[in-house]
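Trainee: Below are the C-alpha cells for one structure; questions will follow.
Computed from the coordinates by the stated procedures, all read-outs in this text should not be read as laboratory data. What you see is a predicted model, and the numbers here were worked out from it, not measured in a lab. Reconstructed Cβ throughout: ideal geometry from the backbone, glycine too, with neighbour counts over all protein chains shown.
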C-alpha cells in the first residue's frame, strides 16, 4: 500500500478550492442582482460559515476517531451536491426562489465543509514538528491557486455557459475530486495509545481555548479571518460602485473582479510556496505571525481611498502607465503578502502545541473560529460598506495592528509552552 502523501492531499485541497473559488466571488453580486440589501448579502455569505462553525469541530473530532480519509470523502461529496444546488438556483427566474436556493446551497456546503480542517490534521500526521509550518504553507498554496484558477474558470463558464455554468463546473470538479480521493488518497492517522477524549461540543471548546498559547493563536486566526472576509465581501462591491457597472451583467467589470482575485491568489502562492520555510527558520513563528498582521493592516488602510485616484473608465484604467492602477495593485500586493504569511506559521505552531491524538479536534476548533469570523465579517463589512465604504477597511486595519501587538507581547520565546 502507498504511504500517505502530502502531494495527494495538496491535489485534493487544490481541486476543492478551485470549486470554491469559482462560486465565492459571484455570491455577493448574484445576491445584489436578485435585490438583496447589504445586510442580506452578508447573511447569505455568512450562512456557509455559520454551518462550518458548528460542524468543523465535529468533523475534526470524528477524523481523530475514524481517520482522515472517510471524512474527506464525505465532505467532498457534499461540496459537489451544494454546487448542484447553486446551479439550479441560478436558473430560477423568481428572485425570491433564487435567493432561497442560494442560501440553501451555501448552508449545505458549510455543513459538509470539513476538507480544510481534516487536510491540515492530515499534514500534521505525516510531518515532523520542525517542518509543519512549511508544510502548512502547501495548504496555503492550494488556497492561492484555487483563487487564481477558480475565479478565472468561473468567469469563462459564466461567459460561455450562462448563469448556471459556474455552479455546474464547480460541481463537476468536486465530483472529480471525490474520485481522486477515493482511489489514491490513503489514510494518514496512526492508531495511538492515548485515549481520544469524547467531549461535548462546548467542553471541547473550553478545553482547547483554556490553553493560553493555543487560545491566543485561535483568537488571532479569528481576527485575521474576520478582516479578510470583510475584504472578500466588499471588494466586488467596491469595484462595481467605483465604475458604476453591474458585475453580473457587464463582462468588463466581472473580468476586473476576477483579475483582482487571481492577482491576490498569485501573490499568495508565491509567498507560501517559496519563502515560508526560510522565514520561519530566520524569525520563528511568533515574529512572523506578528509581521504578517502588520503587513495586512498596511494593505487594508489605504484601499478605500484609492477611489479618488482611479480613472473613471475601464479603458483608461487598463492603460499600462495608469498610476492609480499601479497603486491599487501595490496596495493589494502588500495585503496579499500579509494574509499569505499568517496561516502557515499560525497553524504550524498550533499543531506543534497540540498532542497527536487531538490534532483534528484542535484544528477543527481553530477552523470553527475562522468560520465564526466569516459569519460576522461579511455582515459587518457589507453593512458598513453600505453606510460608508471606507469604514470596514479602516476598522479592520486597526484590528490587525492590535492583534500584531498582542501576538508580539504574549507569544515570543515562550510559544513552545501550551
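Trainee: Along the Cα→Cβ direction, 7 angstrom out, place labels at residue 66 and residue 211. What is the inter-label distance in nm?
Mentor: 2.5
Trainee: With labels modelled as points extended 7 Å from the Cα through the Cβ direction, what inter-label distance (nm, one decimal) is found for residue 270 paired with residue 410?
Mentor: Going by the 7 Å Cα→Cβ label model, 3.3 nm.
Trainee: When a/c reaches 1.5 or more, the comparison of a/b and b/c decides; with that in mind, is the stretch 254-301 rounded, prolate or oblate per its Cα gyration tensor?
Mentor: Oblate.
Trainee: By how many nm would the segment from residue 179 to residue 7 lengthen if fully extended, with 0.36 nm per residue of separation less the alpha-carbon distance?
Mentor: 60.3 nm
Trainee: Once you order the gyration tensor axes a ≥ b ≥ c over the Cα atoms, which shape class does the stretch 107-156 get: rounded for a/c under 1.5, otherwise prolate or oblate by comparing a/b with b/c?
Mentor: oblate
Trainee: Subtract the Cα-Cα distance of residue 203 and residue 54 from 0.36 nm times their separation in residues, and report this length gain in nm to one decimal.
Mentor: Working it through step by step, the gained length comes to 52.3 nm.
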